[in-house]
Amino acid sequence: MRSITGNCYQLQRSRGANGYLIRTPGHTAVVDPGMASGYDALLRELRDAAPVVGQVTDILLTHYDADHAQVAQRLQRELNAVVWLGAADVRILRRITPPATLLRRVLFRLAPVAVPQRLSELDGERELFEGLTAFPLPGHTPGQMAYRFGDVFFTGDSVRVARDGTIKRFYRALNSDNPQAARTTATLELRIHTDGIAWLCPGHNPPAQVSAQS
């Protein structure tokens, strides 16, 4: 793992998207553990880190895409962790609601994601445990969530993040709802400045420090 700030780390062996780890007084949470092909290496990394950060208790998924969530079910069984995911994305995983676009339906068939057993659904903003808050950022997927820990935002694919901390709407072709994604980008930009956020940890760009813009 690589330290970002405080008790926030970036995983080095997850595959597909950026994976992160957060340590709170009572929980150790993995954010977006990635694709099934990275399972063995990721599990070794988490076990090696356990003496420092503790055993993983929670798996926080920003959204349902395979590059972020495919390994979650297997990792949950191994670690006996609770998985958290936005309710609208849970309905997609359960095949109740289809993905919103043709491209997303094709990707979902090509790279399926199994439904974890201990799955806690998120709908709206809430504190999950001390110091860790989840809040919705729909657009990329209908159930896209972000997680805040102290002055760090874990944003998944809600936005793209530049090295200087500026944000842009995520790639149009991959969004479920582009008008919603544009509104989410504006909302997040405002929240970054009003909430005193220092770091953004996105799904596919390097973590970026934004304190100078506050």
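Every number in this text was worked out from the coordinates using simple rules, so none of it is lab data. Bear in mind the structure is a predicted one, so any value in this text is a computation, not a measurement. Glycine also receives a Cβ, built like all others from the backbone with ideal geometry; neighbour counts cover every protein chain displayed.
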Using all C-alpha to C-alpha distances in the chain, build P(r) with 5 Å bins and read off the rounded percent in each one. 1, 8, 17, 22, 22, 16, 10, 4, 0
Mark the label point 7 Å from the Cα of H204 along Cα→Cβ and return the residues of region 97-121 whose backbone N is within less than 20 Å of it. 99-113
With charges set only on the Cβ (+1 for Lys and Arg, -1 for Asp and Glu), what does the dipole of the chain come to about its Cα centre, in debye to the nearest 20? 640 debye
Antiparallel as a % of all DSSP beta bridges within the chain, to the nearest 5? 65 percent
Any chance you could check the Cα centroid distance between region 123-198 and region 1-72 for me, in angstrom? 19 Å
Mind checking region 131-213 for trypsin sites (Lys or Arg not before Pro) that DSSP puts in a loop (not H, G, I, E or B) and that have at most 14 other Cβ atoms within 10 Å? R163
Summing -39500 (n - 2.57) over the DSSP H runs of n ≥ 4 in the chain and dividing by its residue number, what mean residue ellipticity at 222 nm do you reach, to the nearest 500 deg cm²/dmol? -8000 deg cm²/dmol
